[in-house]
Amino acid sequence: MVVKSVLVGVAVLVLVGVVVLTVVGAHWYIWRRLVRDTTTAGSRTRRVGTAVVLAGPLLLLGTTVAELASAPFALIRIIAWPGYLWGALFIYLLLALVAGEPIRALALRWSDRGRVPREPKTHAETGFASESVAGAGLGPGSSAGAVQESLAGARSELEFPAGAGLGPESSARPESLARAGSELESSAESGSTSARTVSAPESPRGTTAPAESPLTRVPRRVFVARVMGGAAVAAAATTVGIGAHGVLDGPSVKRVAVPLAKLPRRADGFRIAVVSDVHLGPTLGRGFAERVVRTVNDTRPDLIAVVGDLVDGSVEHLRSAVEPLAGLRARHGAFFVTGNHEYFSGAEQWVEHVQELGMHLLANARTELPGFDLAGVNDVQGERTGQGPDFGKALGDRDRTRTAVLLAHQPVLIEDAVAHGVDLQLSGHTHGGQLWPGNYLAGLANPTVAGLERYGDTQLYVTRGAGAWGPPVRVGAPSDITVVELVSLQA
C-alpha cells in the first residue's frame, strides 16, 4: 500500500513537471516569435513585450494562488480579469503562431528567391586600378621615381576612384584601400606589366547604393516576423474578444424535446429549465446572475433544475452576487444539486444558503411530481468528505413503473443511472469544452460532452452551462440554458 502511494505521488510529480515545462516552453515560443524576432536587442519595444509575456502567466498563477490562500476577495477580482484573459489569449496566440509556421517558412523562402550571393570584383573588372597603372606608363624599364609618382597618383585615385562607387558616403574600409595600395607597390617593384586583381569594396549588386529609406532598412526576416506576429495577435485578440462578449452577454435559450416511454399523458409537455455551471465568482458577479434569472424566467418553465457549479467562492464573498437567484420562478419551484466547485467553495455553507434563496435541495434524495419522480445526487467530489453520490438512497426504493428524472452534475454518473433504471439524466460540468479545442479533451473524460444521447434505456442530456470557469470566454461552445420538454409516448 505504501509502495503504491509512493508510485502515485511520483507519477503526479512527473505529470506536474511535464505540464510546467510544456507551459514554460510554450511561453518562450510565444516570446520568441512575437518579441525577439520582431524587435531590436535592448530596445524599449523588446523590454515592454518581454514584460507583457512575463506578466500574463504570473497574474494567472497569482489568481490561482490567491484563491487557494483565501486572499482578500477584492484583490482576487483585480488580478483575476487580466490573469484569466491572458489564459485564453495564450491558447489562441499559441494556436495562431503554430498554424502560421508553414506560411512563415514559405514567405521567407519566397523573399530569398533571386538573391544571388555576391562575389568581390577584381580591379580588372572595375577597371580603375589597371587603368591607373597603365595610364602611368609603368613598364619593365620604369625608374624608381616614376614608380613612386605613379603610386602617389594611384593612391589619390584609390581614395575616391571614379566610377567605383566610392565617395564621401562610401562604406569602404580604410584597410581595404591600404591593401590595394600595397598590391600596386608590389606590382611596380616586381616590374610586372599586368595588373593584379584586388578586391574592391562595392555597393550591393555592384552599383552605387542610394540612401535607404526607413522601410528598406527593415531586414526581410524581421518584416516577415512582424507581419506574421501581427496577424497572430489580431486573430487571437479577436477570438478572445468575441468569446468574452458571448459570455458576458448572457446565455442563450436552447430547447430540446425528450420522448419518454413511461411518462403518462398528463405530464406530456412538462418543461424543465436546466441551469448549470453559472460559476459566479471573481469575474461573473451580480449583474450576470440577474441576466441568468431573467433568461430563465422568460422561458416560463414548470420546474427549474440547477445542476451544480453555481459558485466559485465563499458565501461570505458572494452573498450579494447570488442574491438575484432568489427571483427564480417556476410552477413547481427550483431544485439544486451540488457540483464539484461547491466542494471547493464550502459546500456545507452553500447547501444552507441556496435553501435560504428558495431552492429545494436534492442531496441524494428524490421527490414525487405529477407524472414522474425527480431525484438528485451529490457530486463525485463530495466523496472526499463522505458526501458523495448515493444512488441507493436516492432511488433504491422507488416505484420503477414511474418515470425517473435524475439531476447529477457530472455525466460520468450515467452508468449508475442506467443500473438504477433512470429514464433521463440531466447534467452539466463539461461546458461543452468551453474553449476550442477543449471539447476534444472534455470528450476524453466524459461520455457525452454536450447534447442528448442514449445509454441503454436511459437518456443523458448535457448542457454546456450558463457561465464560464476561469477565463470568462467561450469559443466553439456557446453558453446556454436548456428547456427540456418531456414528451409522453402514450399521448
In the list Gly467, Gly456, Gly451, Gly443, which residue meets the criterion of being more than 23 Å from Leu280 (Cβ to Cβ) and in contact with a strand residue (DSSP E or B) (Cβ under 8 Å, 6 or more places away or on another chain)?
Gly451
Go through the residues of segment 68-78 one by one and say whether even a single one is farther than 25 Å from His245 by Cβ, basic (Lys, Arg) and either in contact with a Ser or Thr (Cβ under 8 Å, 6 or more places away or on another chain) or at pLDDT 90 or above (or both).
no
Every residue in segment 390-414 that is closer than 20 Å to His429 by Cα and either touching a residue at least 60 places away in the same chain (Cβ under 8 Å) or within 34 Å of the chain's Cα centre (by Cα) (or both), please.
Val405, Leu407, Ala408, His409, Gln410, Pro411, Val412, Leu413, Ile414
A careful count of residues in segment 470-482 that are among the polar types (S, T, N, Q) and out of contact with any strand residue (DSSP E or B) (no Cβ under 6 Å at 6 or more places or on another chain) gives 1
Index of the failed condition, Glu352 passing every other in (1) more than 18 Å from Ala273 (Cα to Cα); (2) out of contact with any Leu (no Cβ under 8 Å at 6 or more places or on another chain); (3) in contact (Cβ under 8 Å) with a residue 60 or more places away in the chain:
(3)
Does Thr22 count as outside any helix (DSSP H, G or I) and either surrounded by 17 or more Cβ atoms within 10 Å (Cβ to Cβ) or without any contact (Cβ under 8 Å) to a residue 12 or more places away in the chain (or both)?
no
Against the definition (in the same structural domain as Leu260 (by TED's automatic domain parsing) and without any contact (Cβ under 8 Å) to a residue 60 or more places away in the chain), how does Gly333 come out, yes or no?
yes
Has segment 340-363 got any residue that is out of contact with any Ser or Thr (no Cβ under 7 Å at 6 or more places or on another chain), in a strand (DSSP E or B) and in the same structural domain as Ala417 (by TED's automatic domain parsing)?
yes
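Could you please let me know if Gly313 is touching a Gly at 6+ places or on another chain (Cβ under 8 Å) and of a type outside the set (Lys, Arg)? So that I can check it myself, show each step before the final result.
On the way: touching a Gly at 6+ places or on another chain (Cβ under 8 Å): yes; of a type outside the set (Lys, Arg): yes.
In short, yes.
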Taking Asp312 as meeting all but one of (1) in contact (Cβ under 8 Å) with a residue 40 or more places away in the chain; (2) farther than 30 Å from Glu67 by Cβ, write down the number of the exception.
(2)
Residues in segment 37-49: is at least one surrounded by 13 or more Cβ atoms within 10 Å (Cβ to Cβ), among the β-branched types (Val, Ile, Thr) and in a helix (DSSP H, G or I)?
no
Could you give me the residue pairs with C-beta distances under 7 Å whose first residue belongs to segment 246-259 and is at positive phi, whose second residue is surrounded by 14 or more Cβ atoms within 10 Å (Cβ to Cβ) wherever it lies, and which are 6+ apart or on separate chains?
Gly250/Arg291; Gly250/Val292; Gly250/Thr295
First in segment 432-451 and at negative phi, second anywhere and in a loop (DSSP other than H, G, I, E, B), Cβ under 6 Å, 6 or more apart
Trp436/Gly476; Asn439/Val449; Ala442/Thr430; Ala442/Val449; Gly443/Val449; Asn446/Thr430; Val449/Thr430; Ala450/Arg464
Condition met for Gln387 (modelled with pLDDT of 95 or more and within 37 Å of the chain's Cα centre (by Cα))
no
Answer with yes or no whether Asp268 is within 27 Å of the chain's Cα centre (by Cα), acidic (Asp, Glu) and at pLDDT 95 or above.
no
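The values are calculated or read from the model by the stated rules, or taken from the named source; none is laboratory data. None of the values given here were measured: they were computed from a predicted structure. Note that each Cβ is placed from the backbone with ideal geometry, even for glycine, and that neighbours are counted across all protein chains shown.
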